[in-house]
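The values are calculated or read from the model by the stated rules, or taken from the named source; none is laboratory data. Fair warning: this is a prediction, and the values are worked out from it, not measured in the lab. Positions of Cβ are generated from backbone atoms using ideal geometry, with glycine treated the same way; all protein chains shown enter the neighbour counts.
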Amino acid sequence: MHKKTPFKLNAENAALDFVNTLDDRFASRGPRELLTGYADLLQFCEQAGILKHSEIARLGSLSKTSQETSFRFTIELRELLARIFYRVIDGRSPTAEDRIALEGWAALCRKHRELRWEDDHLAWGWKGLAANPDAPALLLADLALNLLTEDPPARLHACASDTCRWLFLDTSKNRTRRWCDMKICGNRAKARRYSAAHQN
């Protein structure tokens with residue numbers, strides 16, 4: 001598997017980092033795609049810690065046709081999640097069409113899970129992910145579903161930069177985080193304010 005520049009993972013949740021792989025989503029010049037194929041998707045999953053290296057190697061050896069089909073499937077999921085997350089941030093419910101689509105993903109995730117006896121208790125586990133090209137999509141859908149149904153929506157935010165709007169969970173002590181990255185979007189905003197304040 002080829003290696004490229006590491007992904008910037010600062011959303012505090014892999015499902016949100018996944019949505020952020022379409023960079024500059026709201027920029028006037030148009031967005032920039034950070035996932036160009038299945039190999040990129042696997043690298044993202046390994047970096048985000050949702051797939052083990054051995055699982056990545058197995059998935060990387062699957063047929064190119066199955067990888068390409070799954071990659072398109074996964075990008076469709078990303079854009080579904082983007083629509084839903086941004087509506088939730090704006091205090092709006094997902095559209096009926098998107099809600100039904102997400103229910104479909106929930107059903108698909110359940111289909112690929114089984115109850116196992118682990119450490120004296122029952123626990124849900126995944127079935128055959130290492131041989132399933134849709135493993136990245138299933139894991140990311142499951143993370144997103146957990147976030148949307150269990151976490152307080154108040155923690156979910158978008159970067160305050162109008163062109164960026166990367167998603168993140170505000171885990172700061174005072175819940176005052178405004179930027180995806182203070183060193184990038186935060187400093188750019190400070191520079192713009194400084195320039196405006198010192199113009200003749």
Next item on the list: Could you check, for region 2-9, whether at least one of its residues is touching a strand residue (DSSP E or B) at 6+ places or on another chain (Cβ under 7 Å), farther than 20 Å from residue 148 by Cβ and either part of a loop (DSSP other than H, G, I, E, B) or of a type in the set (Lys, Arg) (or both)?
Entry: no
Next item on the list: Have a look at 138, 108, 80 and point out the one that is within 18 Å of residue 33 (Cα to Cα), free of Cβ contacts under 8 Å to residues at least 40 places away in the same chain and of a type in the set (A, V, I, L, M, F, W, C).
Entry: 80
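For the condition modelled with pLDDT under 95, within 19 Å of the chain's Cα centre (by Cα) and of a type in the set (D, E, K, R), what is the one hit in 98, 90? Spell out the reasoning first.
Numbers: 98 fails: modelled with pLDDT under 95.
None of the others qualify; the one that does is 90.
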Item checked: Pairs with Cβ under 7 Å, 6+ apart, first in region 155-175 and closer than 15 Å to residue 22 by Cβ, second of a type in the set (Val, Ile, Thr) -> 158/89; 167/19
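Answer yes or no as to whether residue 44 is touching a Ser or Thr at 6+ places or on another chain (Cβ under 8 Å) and assigned to a helix (DSSP H, G or I).
On the way: touching a Ser or Thr at 6+ places or on another chain (Cβ under 8 Å): yes; assigned to a helix (DSSP H, G or I): yes.
The answer is yes for residue 44.
Here is a yes/no grid of residues against (1) in a helix (DSSP H, G or I); (2) surrounded by fewer than 16 Cβ atoms within 10 Å (Cβ to Cβ); (3) under 19 Å from the mean Cα position of the chain (by Cα); (4) modelled with pLDDT under 95:
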{"residue": "65", "(1), (2), (3), (4)": "yes, yes, no, no"}
{"residue": "71", "(1), (2), (3), (4)": "yes, no, yes, no"}
{"residue": "77", "(1), (2), (3), (4)": "yes, no, yes, no"}
{"residue": "85", "(1), (2), (3), (4)": "yes, no, yes, no"}
{"residue": "94", "(1), (2), (3), (4)": "no, no, yes, no"}
Note to self: Restricting to region 77-121, name every residue that is closer than 20 Å to residue 166 by Cα, in contact with an Asp or Glu (Cβ under 7 Å, 6 or more places away or on another chain) and not aliphatic (A, V, I, L, M).
What the structure shows: 83
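Looking for whichever is closer than 15 Å to residue 82 by Cα, surrounded by 10 or more Cβ atoms within 10 Å (Cβ to Cβ), among the small types (Gly, Ala, Ser) and modelled with pLDDT of 95 or more here; the options are 106, 141. Which one fits?
On the way: 106 fails: closer than 15 Å to residue 82 by Cα.
Residue meeting the stated conditions: 141.
Tally time: how many residues in region 108-159 are assigned to a helix (DSSP H, G or I) and either at positive phi or over 19 Å from the mean Cα position of the chain (by Cα) (or both)?
Our first condition is that a residue be assigned to a helix (DSSP H, G or I); within region 108-159, this holds for 108-111, 129-131, 135-150, 153-155.
Narrowing the set further to residues that are either at positive phi or over 19 Å from the mean Cα position of the chain (by Cα) (or both) leaves 110-111, 130-131.
Residues in region 108-159 being assigned to a helix (DSSP H, G or I) and either at positive phi or over 19 Å from the mean Cα position of the chain (by Cα) (or both): 4 in total.
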Notebook entry, point to check: Restricting attention to region 186-198, does a residue exist that is at pLDDT 95 or above, in contact with a Phe, Trp or Tyr (Cβ under 8 Å, 6 or more places away or on another chain) and either more than 28 Å from residue 39 (Cα to Cα) or not in a loop (DSSP other than H, G, I, E, B) (or both)?
Noted result: no
